[in-house]
1. Assuming D76 fulfils every condition listed in (1) assigned by TED's automatic domain parsing to the domain that holds K27; (2) under 12 Å from the mean Cα position of the chain (by Cα) apart from one, which condition is it?
2. Please enumerate the residues belonging to the range 110-121 that are more than 18 Å from the chain's Cα centre (by Cα) and either touching a residue at least 24 places away in the same chain (Cβ under 8 Å) or not assigned by TED's automatic domain parsing to the domain that holds R98 (or both).
3. Restricting to the range 121-143, give me the number of residues that are under 23 Å from K92 (Cβ atoms) and either part of a helix (DSSP H, G or I) or of a type in the set (V, I, T) (or both).
4. From the set of residues in the range 38-92 that are of a type in the set (D, E) and more than 20 Å from D109 (Cβ to Cβ), which is surrounded by the most Cβ atoms within 10 Å (Cβ to Cβ)?
5. Can you tell me which residues in the range 95-141 are under 16 Å from E81 (Cβ atoms) and aliphatic (A, V, I, L, M)?
6. Anything in the range 117-131 that is out of contact with any Ser or Thr (no Cβ under 9 Å at 6 or more places or on another chain) and not polar (S, T, N, Q)? List them, or say none.
Amino acid sequence: MKSFVPGLTAVLILILLVGLVAAKDVKTYIDQGAAHLEAGKFDQALGDFNEALKLKPNDAALYDYRGVAYRAKGQDDMAMEDFNRAIALDPKFAKSYRDRAMIYYDRSDFDKSVADQEKAQSLGYKVDADFLKLTRKKAAEKR
């Protein structure tokens with residue numbers, strides 16, 4: 001039994017170290033992706049977020065980051081898929097509702113935009129009150 005405990009301890013330490021390295025890599029990819037996004041290097045940002053998603057494929061925030069990059073690149077269908085995936089993974093991830101609301105707004109689907117802005121707001125995300133008011137007005141005019 002005594003020889004089993006050190007072996008088990010070594011395995012547990014190895015698993016912990018691998019997890020820490022992966023977590024650091026994810027943060028590095030996120031930081032690089034954000035910097036590339038801000039610099040207008042959307043393809044590089046997408047590459048960084050894709051690499052982060054390989055390490056953490058069930059992270060709603062990573063899908064949201066990538067969705068923002070797709071949106072900046074003008075690929076709203078791909079962005080919408082990522083925002084939907086983020087919401088499916090974490091229905092309380094408010095930012096994805098807000099980001100998806102912006103696409104709905106651009107598509108003149110004002111009722112869905114209002115619903116997503118209100119959902120984001122109900123989850124604690126600060127929504128621009130004037131923009132929400134404008135969207136509600138446009139939704140009412142369209143009905």
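The values are calculated or read from the model by the stated rules, or taken from the named source; none is laboratory data. On a predicted model such as this, the values are computed, not experimentally measured, just so you know. Note: ideal-geometry Cβ built from the backbone for every residue, glycine included; neighbour counts use all protein chains shown.
1. Evaluating D76 over (1) assigned by TED's automatic domain parsing to the domain that holds K27; (2) under 12 Å from the mean Cα position of the chain (by Cα) leaves (2) as the failure.
2. F110, D111, V114
3. Just the residues of the range 121-143 that are under 23 Å from K92 (Cβ atoms), to begin with: 121-129, 131-132, 135.
From what is left, the residues that are either part of a helix (DSSP H, G or I) or of a type in the set (V, I, T) (or both) are 121-122, 127, 129, 131-132, 135.
Selection size over the range 121-143: 7.
4. Residue satisfying both the conditions and the ranking: D48.
5. Across the range 95-141, the qualifying residues are A101, M102, I103.
6. The answer is E118, K119, L123, G124, Y125, K126, V127, D128, A129, D130, F131.
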